[in-house]
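Visitor: Here you go, one structure.
Any read-out appearing in this document is the output of simple, stated calculations on the displayed coordinates, not a laboratory observation. The shown structure was predicted, so the numbers you read here are calculated from the model rather than taken from an experiment. Note: ideal-geometry Cβ built from the backbone for every residue, glycine included; neighbour counts use all protein chains shown.
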Amino acid sequence: MIRIQNIWKKFGENSVLRGITFDVQDKQTTVVLGRSGGGKSVLLKLIIGLLKPDAGSIEVDGKDVATMDYKELRALRFKFGFLFQGAALFDSMTVGENISLALRRHTGWKEKQIAESISYALHIVGLDSVEHLMPSSLSGGMKKRVGLARAIALTPRYILYDEPTTGLDMETADGINLLINEMRTILGITSIVVTHDIHSAFVVGDRFAVLENGTTLMTGTREEIQSSEHEEVRKYINSSLKLQEGRRS
Amino acid sequence: MVTIGNDSIPIVVFVGAFVGMVTAVQSAYQLYDWIPRAVVGSLVVKSVLLELMPLMTAMVLAGKVGATITAELGTMRVTEQIDALEALAFDSVSFLITPRVLAGILMFPVLIIFGDLVAILGGMVGAVAVAKIPATAFITGMKSSFETWDAVFGIIKGTFFGFTITSVACYHGYFVEGGSEGVGKATMGTVVLTCLTVVVLDFILASVLL
């Protein structure tokens, strides 16, 4: 379980997170909704210790990430997979090398086992026989899938998704949403999805945290969010749905 | 090692050849008629080993190697590849920076040795073909002035220059901010700063070690 309590973070004079609080339950997908530039990606980096909060605590399985030293952070990161917004594939390596990099460094597996893991991970994300391709020859959707394959290579307990459907066409985005759901149902992974894509959010999310101006407006289930009487939440949901319906038609 | 070392050999050889040739030609030009022509050989070997090849190699590689490292690491930073490495439980400094700095420390002296040899050969070609100095005179002058410490000093310079250029380049690239514009600024900053630092370091090493 992940407990995010009263998190504050600022860059220079700009406070991006101002007292964010919500919980992430095991084996569920928690979606963090909010406008672009609202600090959602920063929140993911705080969870995994890539950034340190100015105040507050983030407990992962009972331990506060903000107080961990580098050794403890390294150990923590084995529990996580992270799908970055642009996939962040290592562009000097092939797809297979990207996926196997952590396996070669952190396990004593033989080549045959590593090759099987690469094939399995690619098969799960719906890509086969692309191990030898370079990231530059992949489409946006394929990069996200390879990024996800890399994220699950070490069989993490948690996966963090940073805007997984941004920049993708609707069909490809739906494919990514399906994969996110399969991570939960097939692999039992707990996920945090940060997005401003309201349609995808409602497809993948079990619980939601709506952020606005760096604060938590509301947390709840899909039904609670959709039927919320909170003015700001309604405004955000309605405007986002309108925008997306316009794009889909 | 291959990128910093092997791939830099052609440019170092090219620069070395012309440095040697111009040193010989300009030395011959400046000598009074009554000074033995063998002095040209002495001037070439002393200048090349002590100063010209270590400094010219460093200047050229500040651009080639320094800029490449900064651009590479800077691009990795702005595309979140460094964050991805950290998220995969890698120590990004050990993985990205240490090998590059070590390669600089090891390969710069090797490149300077290559450059020294080519520059001295180039000096002989310049002396014989352009300044019309007999090869035997050039070689006599070269032999009379050669001291092992001169070559070692150049190699020591190479070690320091290699460390300086690669570590400055890595620092600028690793901590880049501001997207592609930031990468461009960092790359330019690396080239300028390493060139200036090398010149100052050159003076300090000469003052301390000679």
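Visitor: Which net charge results when you count Lys and Arg as +1 and Asp and Glu as -1 among the other residues whose beta-carbon is under 13 Å from that of A:ARG35?
Guide: Net local charge, A:ARG35 excluded: -2.
Visitor: Something else: Please list, or write none, the lysines whose alpha carbon is within less than 16 Å of the alpha carbon of B:LYS143, excluding same-chain residues fewer than 8 places away.
Guide: Cα-Cα hits under 16 Å: B:LYS46.
Visitor: Over all directions, average the projected area of the Cα convex hull of region A:1-126 and note it in nm².
Guide: Details: hull surface 38.9 nm².
One quarter of the hull surface, i.e. the mean projection, equals 9.7 nm².
Visitor: Still on this structure, I have one more. Taking other Cβ within 10 Å of each residue's Cβ, how do A:PHE80, B:PHE161, B:PHE90 sort, fewest first?
Guide: Details: A:PHE80 24, B:PHE161 29, B:PHE90 19.
Fewest-to-most ranking of A:PHE80, B:PHE161, B:PHE90: B:PHE90, A:PHE80, B:PHE161.
Visitor: Between A:PHE82, A:PHE202, A:PHE11, find the one with the highest GNM mean-square fluctuation for chain A; connect C-alpha pairs within less than 10 Å.
Guide: Looking only at A:PHE82, A:PHE202, A:PHE11, the biggest GNM fluctuation is shown by A:PHE11.
Visitor: How high is the relative contact order of chain A, given as a whole-number percent (alpha carbon pairs under 8 Å, six or more residues apart)? Numbers along the way, then the final one.
Guide: Working: 454 pairs, mean separation 65.2, N = 249.
Value for chain A: 26 percent.
Visitor: Ok, one more. Taking the beta-carbon count within 10 Å as an exposure proxy, list A:ASP128, B:ASP116 from fewest neighbours to most.
Guide: Working: A:ASP128 9, B:ASP116 26.
Ordered from fewest to most neighbouring Cβ atoms within 10 Å, A:ASP128, B:ASP116 come out as A:ASP128, B:ASP116.
Visitor: Additional query: Quick one: compute the contact order of region B:6-209, relative version, from alpha carbon pairs under 8 angstrom and 6+ residues apart, as a percent.
Guide: Values: 304 pairs, mean separation 79.5, N = 204.
Answer for region B:6-209 is 39 percent.
Visitor: What is the spin-label model distance, in nm, from B:ASP91 to B:LEU205 if the labels are put 7 Å beyond Cα along the C-beta direction?
Guide: It works out to 2.8 nm between the two label points.
Visitor: Additional query: Once you've got the GNM for chain A with C-alpha springs shorter than 10 Å, pick whichever of A:ARG77, A:ARG184, A:ARG104 has the biggest mean-square fluctuation.
Guide: Largest GNM mean-square fluctuation: A:ARG104.
Visitor: Select from A:ASN14, A:ASN181, A:ASN213 the residue whose mean-square fluctuation is largest in a Gaussian network model of chain A (Cα-Cα springs shorter than 10 Å).
Guide: A:ASN14
Visitor: How high is the relative contact order of region A:91-155? Use alpha-carbon pairs under 8 Å, at least six apart in sequence, and give a whole percent. All intermediate terms of the calculation are to be shown ahead of the outcome.
Guide: Working: 66 pairs, mean separation 31.9, N = 65.
Reported relative contact order: 49 percent.
Visitor: Work through the residues other than B:CYS195 whose Cβ is under 14 Å from its Cβ and net out their charges, Lys, Arg +1 and Asp, Glu -1. Could the numbers behind the result be given before it?
Guide: Numbers: positive: B:LYS64; negative: B:ASP202.
For residues surrounding B:CYS195, the net value is 0.
Visitor: Here's something else I'd like to know. Any chance you could check the Cα centroid distance between region A:35-113 and region B:139-193 for me, in angstrom?
Guide: When both Cα centres are located, 34 Å separates them.
Visitor: Please tell me which of these pairs span more than 22 angstrom C-alpha to C-alpha: A:LYS27/A:LYS110; A:LYS9/A:LYS40; B:LYS64/B:LYS157; A:LYS27/A:LYS63; A:LYS45/A:LYS144; A:LYS10/A:LYS40? Present the calculation step by step, with values, prior to reporting the outcome.
Guide: Details: A:LYS27/A:LYS110 31 Å; A:LYS9/A:LYS40 11 Å; B:LYS64/B:LYS157 18 Å; A:LYS27/A:LYS63 19 Å; A:LYS45/A:LYS144 18 Å; A:LYS10/A:LYS40 13 Å.
Exceeds cut-off: A:LYS27/A:LYS110.
Visitor: Related question: Using the crude model of +1 on Lys and Arg Cβ and -1 on Asp and Glu Cβ, and no other charge, please compute the dipole size for chain A relative to its Cα centre, in debye to 20. List each step's numbers first, then the result.
Guide: Values: 31 positive and 30 negative charges, 108 e Å.
It works out to roughly 520 debye.
Visitor: A follow-up question, please. Placing unit charges on C-beta atoms (Lys and Arg positive, Asp and Glu negative, everything else neutral), compute the dipole magnitude of the protein assembly as shown about its Cα centre in debye, rounded to 20. Walk me through the numbers on the way to the answer.
Guide: Details: 40 positive and 44 negative charges, 100 e Å.
About 480 debye.
Visitor: As a footprinting exposure proxy, order B:TYR174, A:TYR236, A:TYR161, B:TYR29 by other Cβ within 10 Å, with the fewest listed first.
Guide: Placing the least packed residue first, the sequence is B:TYR29, B:TYR174, A:TYR236, A:TYR161.
Visitor: Determine the sum of side-chain charges near A:GLU182: Lys and Arg each +1, Asp and Glu each -1, restricted to other residues whose C-beta is under 15 angstrom from that of A:GLU182.
Guide: Values: positive: A:LYS27, A:LYS144, A:ARG145, A:ARG184; negative: A:ASP174, A:ASP206.
Combined, the nearby Lys, Arg, Asp and Glu give +2.
Visitor: Provide the percentage of antiparallel DSSP beta bridges, counting only those with both residues in the protein assembly as shown; round to the nearest 5. Could you put the intermediate results ahead of the total?
Guide: On the way: 21 of 39 bridges.
Looking only at bridges with both residues in the protein assembly as shown, the antiparallel portion is about 55 percent.
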